[in-house]
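Let me begin by presenting the structure, written as structure tokens, before commenting on it.
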């Protein structure tokens with residue numbers, strides 16, 4: 001739902017275009033490019049990116065026109081933030097987990113292992129001070145971030161062979177960027193980071209033994225089931241799937257207030273829509289993977305979950321001990337996680353158990 005304040009801004013734009021066309025014609029127009037980390041129209045984040053580009057163009061009445069470029073068309077998938085910060089493009093669409101080598105704490109703004117679920121993550125950014133910390137963290141890189149899409153809760157991953165115990169993770173080459181990969185390292189996993197378009201060839205060649213990406217809808221489109229028949233849950237490494245829109249700070253500051261509200265509203269609208277879309281598409285895709293493609297659905301052995309949980313807690317604590325903005329982000333995140341802990345146990349978990357009769 002678009003907030004009343006933003007509806008008013010958009011109504012003003014629309015009304016002004018009828019009442020005073022000469023004034024609007026005199027207003028500056030902006031031709032923007034959007035670079036992304038996704039193959040064009042990849043179900044989930046790739047589709048979100050295109051909808052966002054189209055929505056900004058439409059809501060601005062053409063005062064901002066956005067042309068989208070997929071991963072590799074202008075810059076590689078993992079160079080989107082640098083490209084936007086340098087002004088190679090005015091907009092980027094990506095995920096914060098991809099900047100781990102540049103800004104380790106950025107991963108908090110996609111997902112933390114055993115952390116906030118999608119609605120909880122939104123609550124942290126919108127109501128718990130998360131957005132202000134995010135803005136501060138990214139300002140030094142010349143970009144302004146927004147939530148702008150969400151693939152929902154992730155699955156645990158795709159494996160070429162079955163997992164029976166934690167010992168099966170020893171030496172496993174697992175494509176997993178972000179903090180999830182760091183969580184699994186103490187369990188013997190070799191963390192590998194690859195952009196989405198390179199994952200399937202790496203699985204096929206044996207360069208990696210396992211992968212994760214997002215939920216079933218995006219995973220189905222990328223074809224992992226063709227090589228790795230075992231699909232594990234739950235997605236303890238990535239309980240949230242936020243995408244981000246990155247705006248070049250100079251371009252952002254050059255906008256008038258109405259156009260800033262247009263961009264912010266377009267991002268918020270896409271964030272809500274994409275999350276709802278992912279919930280529906282993930283359910284349908286999971287059924288198709290199992291019934292049409294013969295995927296073996298498996299729950300992680302409890303030993304793996306328990307050891308991963310301990311590793312995740314230690315990982316979060318290391319950020320707290322690091323000091324500076326990393327500690328402030330980690331403390332803020334943990335405060336939201338702990339503050340919300342009691343409610344989902346009696347709301348979500350309680351309801352699902354009641355609905356299922358378990």
Note to self: Looking at the chain as a GNM with Cα springs under 10 Å, which of 224, 108, 319 has the largest mean-square fluctuation?
What the structure shows: 319
Note to self: Viscosity 0.692 mPa s, temperature 37 °C: give me the Stokes-Einstein translational D for segment 127-204 in µm²/s, with Rh taken as the Kirkwood radius over C-alpha pairs.
What the structure shows: 213
Checklist line | Beta bridge orientation in the chain: antiparallel %, DSSP, nearest 5 | finding: 45
Check: Computed on alpha carbon atoms, what radius of gyration and Dmax characterise segment 229-277, expressed in Å?
Finding: 16.3, 52
Next item on the list: Calculate the spin-label point distance for residue 135 paired with residue 54, positioning each point 7 Å from the Cα along the beta-carbon direction, and give it in nanometres.
Entry: 3.1
Item checked: Ellipsoid equivalent to the chain - semi-axes via the Cα gyration tensor, in Å -> 36, 22, 21
Next item on the list: With no solvent and one equal point scatterer per Cα, compute the Debye intensity ratio I(q)/I(0) for segment 223-326 at 0.10, 0.22 Å⁻¹ and report its log10, rounded to two decimals.
Entry: -0.56, -1.15
Check: Considering the chain as a Gaussian network with a 10 Å cut-off on Cα pairs, which listed residue, 269, 211, 151, attains the greatest mean-square fluctuation?
Finding: 269
Margin query: Run the simple label-point estimate for residue 27 and residue 283 please: 7 Å along Cα→C-beta, distance reported in nm.
Written below: 4.0
Check: Could you give the length gained on full extension between residue 168 and residue 67, defined as 0.36 nm per residue of separation minus the Cα-Cα distance, in nm?
Finding: 31.8 nm
Margin query: Counting only helical runs of four or more DSSP H residues, what would the 222 nm mean residue ellipticity of the chain come to if each run contributes -39,500 (n - 2.57) and the total is spread over all its residues?
Written below: -15000 deg cm²/dmol
Item checked: Choice from 115, 142, 294 with maximal GNM fluctuation in the chain (Cα, 10 Å cutoff) -> 294
Next item on the list: Return 122, 103 ranked ascending by Cβ neighbour count within 10 Å, so the fewest neighbours appear first.
Entry: 103, 122
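Where a number appears in this text, it was derived from the coordinates with a stated rule and is not lab data. Note that the structure is a prediction, hence the values are computed from the model and not measured. A quick note on method: Cβ atoms are made from the backbone with ideal geometry, for glycine too, and the neighbour counts reach across all protein chains shown.
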